[in-house]
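Presented below is the structure to which this report refers.
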Amino acid sequence: MSEEQIKDLEAQFEARIARDEKIEPKDWMPEKYRKTHIRQMSQHAHSEIIGMLPEGNWITRAPSLRRKVALLAKVQDEAGHGLYLYSACETLGVSRDELYEQLHTGKAKYSSIFNYPTVTWADMGAIGWLVDGAAIINQVPLCSTSYGPYARAMIRVCKEESFHQRQGFEIMMKLAQGTPEQKEMAQDALNRWWWPSLMMLGPTDAESVHTEQSMKWKLKRKSNDDLRQQFIDQTVPQADLIGLTIPDPDLKWNEERQSYDFGEIDWDEFWQVVKGHGPCNKERMNARVGAWNRGEWVRDAAMAYAEKQQKRKRTSLKKEVS
Amino acid sequence: MKNENLYKYILGIADNSLILGQRLGALTGHGPSLETDIACTNISLDLFGQVRSYYQYAAKIKGDDSTEDDIAFLRREREYLNVLLVEQPNTDFAYTIGRQFLFDVYHLLFLTELQKSHDVTLSAIAIKSIKEVSYHQRFSSDWIKRLGDGTEESRIKMQDAINGLWTYTDELFHQTDADKAVVEEKIGVDVTTLKDKYYDTVNAILTEATLDVPESKWFQKGGKKGIHTEHMGYLLSDLQYMQRTYPNMEW
């Protein structure tokens, strides 16, 4: 294909996106579009899978049967999200095994928030309320992103995430209305998860490298700072409602902006965790790689069995024919 | 308590699901593949769903202000009446599948009979659960075949798990005094009648999976009387952690 032809295709491609048409797997797309989507979708899938670990940590210790069932269902949903996001990635010509390889070797990133430990039951509430809350703010705009399989996956993911967020908030509310120990547990969880949740929405716009191109492809529709402001404005009244205090002495309603002003985020901590030195980066990776390695003989057995079955089927078909 | 036999009978059924569900729940996020992870979590969820129905009914029979959670979390080890099979640890995926399979075959036979119980609540729970448990048995049987008839390594591991767990199968068919009384009233299932069919089914699937049916006739028992293996205390420490650390609170 000549350079001119490619330019022509690119122009048509960008025009389709501008018209809000969906790009489907078999459509022509620029290589950069394909790569950017694989990167973002797989990062999202990895986050779902790693995200199962901090919450999985409390399944055996959930305080009531009702909470245990809800937590199991939630973590199972996350596995499901991982599954269809990996499948969406596969439509772009990359296999799940390749993506796992990238995760396990540290080449691919996942959301840094999952590198914090879950030390009390209230962390199950805080993760649902804050982490899923921030995730929804990030993800709702993606329901209308340009790549069809991603947009469709996100519609389902967002529905489930919003259920998870309500569930998390409900855990926090129950604790906040409970005994002094329970209230203290809830406040402590909020104190620990608040700032990492704000960081989850990404570096400040000045530091963010992918924004402009991503905006054009509708992979991103608002800047990180705008999303963060939206999250804070939405969450502060919820904390007020249940009588918990946001751990930010600089938090103040700004009448003119009709938004909250907030304190300085510790970006050193953010980069430390992103670069692999958070409290649980090593544990999460060991758990993931360990499960994968321990499962190798199981996956090999399943493959070998499937091949044997195929062979048996062919042999019996041949016999029938002859 | 007016109907202590029925109460104990329900605990005997429900505790199996509780303890097995707890074991499976510990594996969430650590499975050999995303699909098996989702399936094992799903089975755990089904079992806990059943547990809630049974304990809610047991709490009603108990007649005091006990709740499903009091029954699930606040008994002493000697008061849990599950069979030893379900408390066996998650040694590896072969053990997880072996334990599941050896229980599922029993569970399905059991629920098929429990549907006919003269107790309408138990019958209703059985009717609801049987669809779930049919799936459990299909899942675990399929994996027995895959692992047994997969690679040489998987066959050795699967055989090892079956050999290790076999000693806990006979207890499934033991009857406590409470069981006998409830069977008399046509509420309970006479598990002794399920034994032949159980071993026929299990043996057929093991054979199809190219595995040897263990010949050992030495069996362990005790769970149904609350005498458990050494694994049980640790399992309960996790299960009861929150309720013991923060007593009398709502969650």
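The values are calculated or read from the model by the stated rules, or taken from the named source; none is laboratory data. All values reported here derive from a predicted model rather than from experimental measurement. Cβ sites come from the backbone with ideal geometry, for glycine too, and all protein chains shown count toward neighbours. Keep in mind that these areas ignore ligands, DNA and RNA; they rest on the heavy atoms of the full protein, side chains included. Shrake-Rupley method; radii C 1.70, N 1.55, O 1.52, S 1.80 Å.
Touching a Lys or Arg at 6+ places or on another chain (Cβ under 7 Å) and either assigned to a helix (DSSP H, G or I) or under 19 Å from B:Ser216 (Cα atoms) (or both) - does that describe any residue in region B:183-191?
Applying the first criterion (touching a Lys or Arg at 6+ places or on another chain (Cβ under 7 Å)) to region B:183-191 yields none.
No, that holds for no residue.
Anything in region B:193-213 that is open to solvent by 10 Å² or more (accessible area, probe 1.4 Å), in a helix (DSSP H, G or I) and hydroxyl-bearing (Ser, Thr, Tyr)? List them, or say none.
B:Thr193, B:Tyr199, B:Thr201, B:Thr207, listed by residue number.
Kindly indicate which of B:Tyr57, B:Tyr80, B:Tyr95 is within 13 Å of chain A (Cβ to nearest Cβ) and either at positive phi or touching a Leu at 6+ places or on another chain (Cβ under 9 Å) (or both).
Numbers: B:Tyr57 fails: within 13 Å of chain A (Cβ to nearest Cβ); B:Tyr80 fails: within 13 Å of chain A (Cβ to nearest Cβ).
Among B:Tyr57, B:Tyr80, B:Tyr95, only B:Tyr95 is within 13 Å of chain A (Cβ to nearest Cβ) and either at positive phi or touching a Leu at 6+ places or on another chain (Cβ under 9 Å) (or both).
Which one of the conditions (1) touching a residue at least 24 places away in the same chain (Cβ under 8 Å); (2) within 30 Å of A:Ala15 (Cα to Cα); (3) part of a loop (DSSP other than H, G, I, E, B) does A:Leu244 fail to meet, given that it meets all the rest?
Here A:Leu244 clears every test but (2).
A:Ala135 passes all but one of (1) surrounded by fewer than 18 Cβ atoms within 10 Å (Cβ to Cβ); (2) in a helix (DSSP H, G or I); which number fails?
Among (1) surrounded by fewer than 18 Cβ atoms within 10 Å (Cβ to Cβ); (2) in a helix (DSSP H, G or I), the lone unmet condition for A:Ala135 is (1).
Can you run down the residue pairs with Cβ atoms below 9 Å, 6 or more apart or on separate chains, where the first is in region A:280-301 and facing chain B (nearest Cβ under 9 Å) and farther than 17 Å from B:Thr96 by Cα and the partner is open to solvent by less than 40 Å² (accessible area, probe 1.4 Å) and hydrophobic (A, V, I, L, M, F, W, C)?
A:Ala287/A:Ile50; A:Ala287/A:Leu53; A:Arg288/A:Ile49; A:Arg288/A:Ile50; A:Arg288/A:Leu53; A:Arg288/A:Leu103
Can you tell me which residue within region B:111-158, out of those that are hydrophobic (A, V, I, L, M, F, W, C) and open to solvent by less than 10 Å² (accessible area, probe 1.4 Å), is nearest to the other protein chains (Cβ to nearest Cβ)? Explain how you work it out, then say what you get.
From region B:111-158, those hydrophobic (A, V, I, L, M, F, W, C) are B:111, B:114, B:120, B:122, B:124-127, B:130, B:133, B:139, B:143-144, B:147, B:156, B:158; that's our starting set.
Keeping just the survivors that are open to solvent by less than 10 Å² (accessible area, probe 1.4 Å) gives B:111, B:114, B:122, B:126, B:133, B:144, B:147, B:158.
Values: B:Leu111: 20, B:Leu114: 21, B:Leu122: 19, B:Ala126: 19, B:Val133: 17, B:Ile144: 11, B:Leu147: 5, B:Met158: 8 Å.
Looking at residues that are hydrophobic (A, V, I, L, M, F, W, C) and open to solvent by less than 10 Å² (accessible area, probe 1.4 Å), I get B:Leu147.
Testing A:Glu55 on (1) within 14 Å of chain B (Cβ to nearest Cβ); (2) of a type in the set (Asp, Glu); (3) surrounded by fewer than 13 Cβ atoms within 10 Å (Cβ to Cβ), one condition comes back false. Which one is that?
Every condition holds for A:Glu55 apart from (3).
Scan region B:159-169 for residues that are within 14 Å of chain A (Cβ to nearest Cβ) and surrounded by 19 or more Cβ atoms within 10 Å (Cβ to Cβ) and jot them down.
Of region B:159-169, the ones within 14 Å of chain A (Cβ to nearest Cβ) are B:159-161.
Of everything in region B:159-169, those that are within 14 Å of chain A (Cβ to nearest Cβ) and surrounded by 19 or more Cβ atoms within 10 Å (Cβ to Cβ) turn out to be B:Gln159, B:Ala161.
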